[in-house]
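Here the structure comes first, spelled out in C-alpha cells, and everything after it is commentary.
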Amino acid sequence: MTGYALDNSWSKAKRRLALLEFYLDPKTKRRALALGLTQGWRCLEVGAGGGSIALWLSEQVGLEGKVVATDINPTLLQELERPNLKTQHHDILNEPLPEGDFDLVHARWILHHLPTPEVAISRMVSALRPGGWLLLEEVDFFPVHASENTDYRDFMTALVNTVVKASGRDCFWARALPGVVAEQGLSHVSGEGDFSLLQGGSEIAEFFTLTAEQMREQMLGTGAIDAEKMDRALNLLSEPSFWAFGGGGVAIWGRRPG
C-alpha cells in the first residue's frame with residue numbers, strides 16, 4: 001500500500017488503468033513519435049501505472065535502446081518482461097533520478113497527485129540528455145462544468161477532488177502546466193489540448209465508474225457528495241443515451257538545450 005489514493009494494489013486496478021490506457025495511449029504514441037522517438041533511444045516512463053506505454057516504448061527503441069519504467073507502487077509492472085525494459089519502485093518527489101541519461105522522459109496523469117509537481121518536473125528535466133525531450137500529459141476537469149446535468153457535475157467534481165485530497169491539490173490545475181514547464185529552461189516548448197466526449201456505457205465512462213467504486217467510502221465519508229446523488233450519477237454513466245464532456249487533456253513538451 002502507498003499514500004496514493006488510487007493504489008495499484010486494488011483488485012480492479014488493472015482493469016481501471018487498462019480503460020484509461022485505451023483512451024490515452026493513441027494520443028501519447030502520436031506525440032512521442034512526433035518528437036522523433038526511434039531505435040536506440042533511452043526512455044524514462046515516470047508513474048508507469050499498468051505499463052502499456054512502457055511496453056510500447058520498448059518496441060520502438062529496440063534492443064539498442066532502453067526503457068526504465070517507474071511507479072510508487074510497481075505491482076502492475078512486475079509482469080512486464082522485455083530485455084530492454086527495466087521496472088522499479090520510485091518516488092519522484094523523494095528519490096533522485098539518473099542525471100543526463102534519457103532521450104525522452106514521459107509522465108502522464110501523475111502531477112495532479114503531487115503536492116509539489118514543480119519538484120517532480122525539475123527532476124525529470126535533469127534526467128534528460130542534452131537534446132532530450134520532456135513530454136508531460138495532464139488532465140484538467142474544467143469541461144465537466146459545461147454539462148447541463150447537475151448530478152454529473154457535482155459527482156465529477158467530488159470524485160476528482162477526493163482523489164487528490166491527500167496531496168492538497170485539485171484536478172483543475174493543468175491549465176497552469178505550460179507556464180511551469182516554460183520556466184524550466186527548455187527550448188522548443190509547445191503543447192496542445194483536447195477533451196474527452198463521454199458516452200454512458202463507454203470505456204471512459206467505465207473508468208470513472210471504477211474510480212468512484214474505489215473512492216466511494218472517502219467521497220461519502222467527507223461529505224463531498226451524498227449517496228443518492230452519487231448513485232444517480234453512476235446510473236448516468238451506464239446509460240448509452242447520456243453524453244457529457246470528461247476531462248480536458250493538456251500536453252506540454254520541451255527539449256533540453258545542448
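The values are calculated or read from the model by the stated rules, or taken from the named source; none is laboratory data. Worth saying up front: this structure is predicted, and the values here are computed from it rather than measured. All Cβ positions, glycine included, derive from the backbone under ideal geometry; neighbour counts span all protein chains shown. Just the protein is used for accessible areas: all its heavy atoms, side chains included, with ligands, DNA and RNA removed. Shrake-Rupley method; radii C 1.70, N 1.55, O 1.52, S 1.80 Å.
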Selection within the range 1-59 - under 16 Å from the mean Cα position of the chain (by Cα), surrounded by 16 or more Cβ atoms within 10 Å (Cβ to Cβ), farther than 23 Å from VAL164 by Cα and of a type in the set (Lys, Arg): LYS29, ARG31
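What do you reckon, is ALA120 surrounded by 19 or more Cβ atoms within 10 Å (Cβ to Cβ) and either in contact with a Ser or Thr (Cβ under 9 Å, 6 or more places away or on another chain) or more than 24 Å from LEU19 (Cα to Cα) (or both)? Quick ask: steps written out before the conclusion?
Values: surrounded by 19 or more Cβ atoms within 10 Å (Cβ to Cβ): yes; either in contact with a Ser or Thr (Cβ under 9 Å, 6 or more places away or on another chain) or more than 24 Å from LEU19 (Cα to Cα) (or both): yes.
It is true that ALA120 is surrounded by 19 or more Cβ atoms within 10 Å (Cβ to Cβ) and either in contact with a Ser or Thr (Cβ under 9 Å, 6 or more places away or on another chain) or more than 24 Å from LEU19 (Cα to Cα) (or both).
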Matching entry among LEU210, LEU197, LEU220 (being over 21 Å from the mean Cα position of the chain (by Cα) and either among the hydrophobic types (A, V, I, L, M, F, W, C) or closer than 18 Å to ARG108 by Cα (or both)): LEU220
Subset of the range 214-258 [at pLDDT 95 or above, part of a helix (DSSP H, G or I) and acidic (Asp, Glu)]: GLU228, ASP231
Residue list for the range 67-96, filter: of a type in the set (D, E, K, R) and either surrounded by fewer than 19 Cβ atoms within 10 Å (Cβ to Cβ) or in contact with a Phe, Trp or Tyr (Cβ under 8 Å, 6 or more places away or on another chain) (or both): GLU79, GLU81, ARG82, LYS86, ASP91, GLU95
Complete set of residues in the range 142-165 that are open to solvent by 10 Å² or more (accessible area, probe 1.4 Å) and among the aromatic types (Phe, Trp, Tyr): PHE142
All positions within the range 47-70 that are assigned to a strand (DSSP E or B) and touching a helix residue (DSSP H, G or I) at 6+ places or on another chain (Cβ under 6 Å): VAL67, ALA69
Number of the condition not met by SER190 [criteria: (1) outside any helix (DSSP H, G or I); (2) closer than 20 Å to PRO143 by Cα; (3) at pLDDT 95 or above; (4) among the small types (Gly, Ala, Ser)]: (2)
